[in-house]
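What follows is a short report on a single structure.
The values are calculated or read from the model by the stated rules, or taken from the named source; none is laboratory data. Just so it is clear, the model here is predicted, and its values are computed rather than measured. No Cβ is skipped: glycine too gets one built from the backbone with ideal geometry, and neighbour counts run over all protein chains shown.
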Amino acid sequence: MYTPKLFTELRDYSREKAFSDLFAGITVGIVALPLAMAFAIASGLPPERGLFTAIIAGFLISLLGGSKVQIGGPTGAFVVLVSAIAGQYGYSGLALCTLLAGIFLILFGIFRMGGLIKFIPFPVTTGFTTGIAVVIFSTQIKDLFGLHIDTVPAEFLQKWHVYLQNMGSFEPSTLAVGIGTILVILVVRHFWPKLPAMLIGMIVATLCAQVLHLDVATIGSRFGELPRMLPAPSFPDFHFEQIAPLIKPAFTIAMLAAIESLLSATVADGMIGGRHRPNAELIAQGVANIGSIVFGGIPATGAIARTATNVKSGAKTPVAGIIHAIVLALLLLICAPVAKLIPLSALAGILVVVSYNMSELHHFVAIFKGPRSDAFVLVLTFLLTVLVDLTAAVQVGVVLASLLFIWRMSEITNVSMITDEVRGEDDASEDPNSIALREVPKGVEVYEVNGPFFFGMINTFKNALRNVEKPVSVLIIRTRNVLAVDATGIHVLRELHQRCQKEGTQLVISGVQPQPLKAFQRSGLIEEMGKENFCENIDEALNRARVVLGLPQVEIERKPFCAFCGREELV
């Protein structure tokens, strides 16, 4: 059942929580102000669209979300996607794309996919996050240096080629404001970590530019004055033929929003010792993105840095996030007339710091110390993000990581003939689970499968069975260590059963675990082979073989139940 976290928290809301939420909401609202404008400008859009997003989406995510302390709004992760979509389809195309993404997110939540999205491999998320950080940094060079460039190419390599060609046109005063902003942010963070360093950096840069009468580009010179209130709600105009080409980027926005928001909520859980509701969070993210577009905003998701600030400021419930949105709305009303004085190089400096924080270089480097396959996925995802686009990076990264996982699982799954061990010809007496002392009648072969029985290891299974040089009377497949089976595994067993029927061999399955047993029942395999050929343990399977061969059965000694798993030790 869908229940927002806010509704749960309000049941025992107190004055102490209210004061904590008020302080946290004011703090994170002030922190979000420069970031909201900077992310919109970096995406090639007017700064007010970032503010609209932070207000509307931030309010809805806290109102309807599944996290106690999540703060939503525009984030750096969307800069690459938003700029590409807006550049190709215009804002109307971006708005339609975000509406579709919102619908996707709601469907993710309704169909309870919140738990699945968290399984996106870490090398993939690190690769595209670091790649996004590099791309964001590269988009800020023009404003940071004040380069005189009419049009900056969208492609990464061409962009830097143009930068290097025009580096001689940089403006010292503009660069000084940008570098000064970065230094102020670093100093404030070092000596006064609880203060809003980015806001202070922006204010100091703006004051210096005005007092010293520096000739630098500002928000006003490029975008004009900011509106002092939210626009009237309206849906963007679109034609149905526009939907098809936007499905792919919309799905990418939805996936990125889902990953980023659930990752942020998980980080917050670790900080407060709580537990978020992933499906409720996805539904809230979907509603928030739709609401953002209705009020002229851009895509939104959970913001890790602002969420962490919210927690460190003492937030207790989603009320803090609602207050953060109200504070931003008040700041828009009060500060809009003076916002036009903010130097663009100051916002560029803020985004340079954001890019460095996003890059998480320590995680990037640490992956190289692990398996080479993970490092390969990391580098490929990173390069695709930087040189191609984020959509291709996520798709290729997830597919490649999944294939590598399948390969690893097939490596640890093995199939071996254990007839010699059963007959006592193999020294396994030290193994407490060994069946070396059991007697195996002639004409019986026993194979054991260890690991998941899925499509990735079918060739291993088939190759092992080729060792059976001539048809035997009974073939026993021991599956006590097979915890999972898929449709391919069932199909191969069905083919093996048909082959055994043609060759006059009785196929017996031993030690079936719960999940494979349910799969065999649903597929009809048990009815095809006969229930008597599915035995609880190897002793019963050997007795089944004796029945087929017309030999007397051996009495099975029942051992005490295992104290750990509750099953008989002979299994």
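Taking Pro123, is it touching a helix residue (DSSP H, G or I) at 6+ places or on another chain (Cβ under 8 Å), farther than 28 Å from Lys312 by Cβ and assigned by TED's automatic domain parsing to the domain that holds Thr381? So Pro123 fits the description; yes. All told, Leu332 falls short of being in contact (Cβ under 8 Å) with a residue 40 or more places away in the chain and either within 29 Å of Leu175 (Cβ to Cβ) or under 29 Å from the mean Cα position of the chain (by Cα) (or both). Would you call Phe108 within 17 Å of the chain's Cα centre (by Cα), in a loop (DSSP other than H, G, I, E, B) and of a type in the set (A, V, I, L, M, F, W, C)? In short, no.
Here Val472 does not fit the description of being within 34 Å of the chain's Cα centre (by Cα) and not charged (D, E, K, R). Scan segment 180-199 for residues that are touching a residue at least 40 places away in the same chain (Cβ under 8 Å) and crowded, with 16+ Cβ neighbours inside 10 Å and jot them down. If the condition is that a residue be touching a residue at least 40 places away in the same chain (Cβ under 8 Å) and crowded, with 16+ Cβ neighbours inside 10 Å, then Gly180, Thr181, Ile182, Ile185, Pro196, Met198, Leu199 are the ones that fit. Taken together, the residues in segment 142-164 that are over 22 Å from Ile179 (Cα atoms) and assigned to a loop (DSSP other than H, G, I, E, B) amount to 5.
Does Gly321 fit the bill of being of a type outside the set (Val, Ile, Thr) and farther than 12 Å from Ile61 by Cβ?
Details: of a type outside the set (Val, Ile, Thr): yes; farther than 12 Å from Ile61 by Cβ: no.
Spelling it out, it is not the case that Gly321 is of a type outside the set (Val, Ile, Thr) and farther than 12 Å from Ile61 by Cβ.
Hey, any hits in segment 367-374 for a residue that's of a type in the set (S, T, N, Q), within 21 Å of Glu411 (Cβ to Cβ) and surrounded by 15 or more Cβ atoms within 10 Å (Cβ to Cβ)? Taking every residue of segment 367-374 in turn, at least one turns out to be of a type in the set (S, T, N, Q), within 21 Å of Glu411 (Cβ to Cβ) and surrounded by 15 or more Cβ atoms within 10 Å (Cβ to Cβ).
Report yes if Leu116 is surrounded by fewer than 21 Cβ atoms within 10 Å (Cβ to Cβ), in a helix (DSSP H, G or I) and free of Cβ contacts under 8 Å to residues at least 60 places away in the same chain, otherwise no.
Numbers: surrounded by fewer than 21 Cβ atoms within 10 Å (Cβ to Cβ): yes; in a helix (DSSP H, G or I): yes; free of Cβ contacts under 8 Å to residues at least 60 places away in the same chain: yes.
So Leu116 passes the test.
Taking each residue of segment 293-309 that is within 13 Å of Ser62 (Cα to Cα) and in contact (Cβ under 8 Å) with a residue 12 or more places away in the chain and looking for partners that are of a type in the set (Asp, Glu) and buried (at least 24 other Cβ atoms within 10 Å of the Cβ) with beta-carbon atoms closer than 8 Å, six or more apart or interchain, yields Gly302/Glu281. Assessment of segment 185-208 against the conditions (modelled with pLDDT of 90 or more and over 24 Å from Val353 (Cα atoms)) yields no matching residue.
Scanning segment 240-286 for residues that are surrounded by fewer than 21 Cβ atoms within 10 Å (Cβ to Cβ), of a type in the set (A, V, I, L, M) and more than 17 Å from the chain's Cα centre (by Cα) yields a count of 5. Would segment 64-73 turn up any residue that is in a helix (DSSP H, G or I) and either more than 20 Å from Thr252 (Cα to Cα) or out of contact with any Ser or Thr (no Cβ under 9 Å at 6 or more places or on another chain) (or both)? Within segment 64-73, one or more residues are in a helix (DSSP H, G or I) and either more than 20 Å from Thr252 (Cα to Cα) or out of contact with any Ser or Thr (no Cβ under 9 Å at 6 or more places or on another chain) (or both). Screening Arg522 with (1) under 28 Å from Glu411 (Cβ atoms); (2) modelled with pLDDT of 90 or more; (3) surrounded by fewer than 18 Cβ atoms within 10 Å (Cβ to Cβ) gives one miss only, at (1).
Among the residues in segment 37-44, are any more than 16 Å from Ala303 (Cβ to Cβ), part of a loop (DSSP other than H, G, I, E, B) and at pLDDT below 95?
Filtering segment 37-44 down to residues more than 16 Å from Ala303 (Cβ to Cβ) leaves 41, 44.
Subsequent filtering for residues that are part of a loop (DSSP other than H, G, I, E, B) retains 44.
Then drop every residue that is not at pLDDT below 95, which leaves 44.
Within segment 37-44, one or more residues are more than 16 Å from Ala303 (Cβ to Cβ), part of a loop (DSSP other than H, G, I, E, B) and at pLDDT below 95.
With respect to (1) touching a residue at least 60 places away in the same chain (Cβ under 8 Å); (2) more than 13 Å from Lys5 (Cβ to Cβ), the lone exception for Gly270 is condition (1). For the subset of segment 354-389 comprising residues that are of a type in the set (Asp, Glu) and not in a helix (DSSP H, G or I), which member is modelled with the highest pLDDT? Selected residue: Glu360.
Of all residues in segment 421-440, at least one satisfies being out of contact with any Pro (no Cβ under 6 Å at 6 or more places or on another chain), crowded, with 16+ Cβ neighbours inside 10 Å and either at pLDDT 85 or above or closer than 29 Å to Ser83 by Cβ (or both). Under the condition of being outside any helix (DSSP H, G or I) and out of contact with any Gly (no Cβ under 7 Å at 6 or more places or on another chain), the residues counted in segment 457-478 number 8. Among the residues of segment 216-234, those identified as within 17 Å of Pro337 (Cβ to Cβ) and either of a type in the set (A, V, I, L, M, F, W, C) or assigned to a helix (DSSP H, G or I) (or both) are Ile219, Gly220, Ser221, Arg222, Phe223, Leu226, Met229, Leu230.
The number of residues in segment 479-514 that are part of a helix (DSSP H, G or I) and out of contact with any Leu (no Cβ under 7 Å at 6 or more places or on another chain) comes to 12. Within segment 510-531, residues that are assigned by TED's automatic domain parsing to the domain that holds Arg544 and in contact (Cβ under 8 Å) with a residue 12 or more places away in the chain reach partners that are assigned to a helix (DSSP H, G or I) and surrounded by fewer than 13 Cβ atoms within 10 Å (Cβ to Cβ) with beta carbons closer than 8 Å, at six or more positions or on different chains, in the pairs Ser523/Ala487. The set of residues from segment 443-497 being in contact with a helix residue (DSSP H, G or I) (Cβ under 9 Å, 6 or more places away or on another chain), polar (S, T, N, Q) and under 24 Å from Leu549 (Cα atoms) comprises Ser473, Thr479. Remark: pairs (first residue in segment 131-159, under 28 Å from Val365 (Cβ atoms); second residue among the basic types (Lys, Arg) and at pLDDT 90 or above; Cβ separation under 6 Å; 6+ apart in sequence or on different chains) = Ser138/Lys159.
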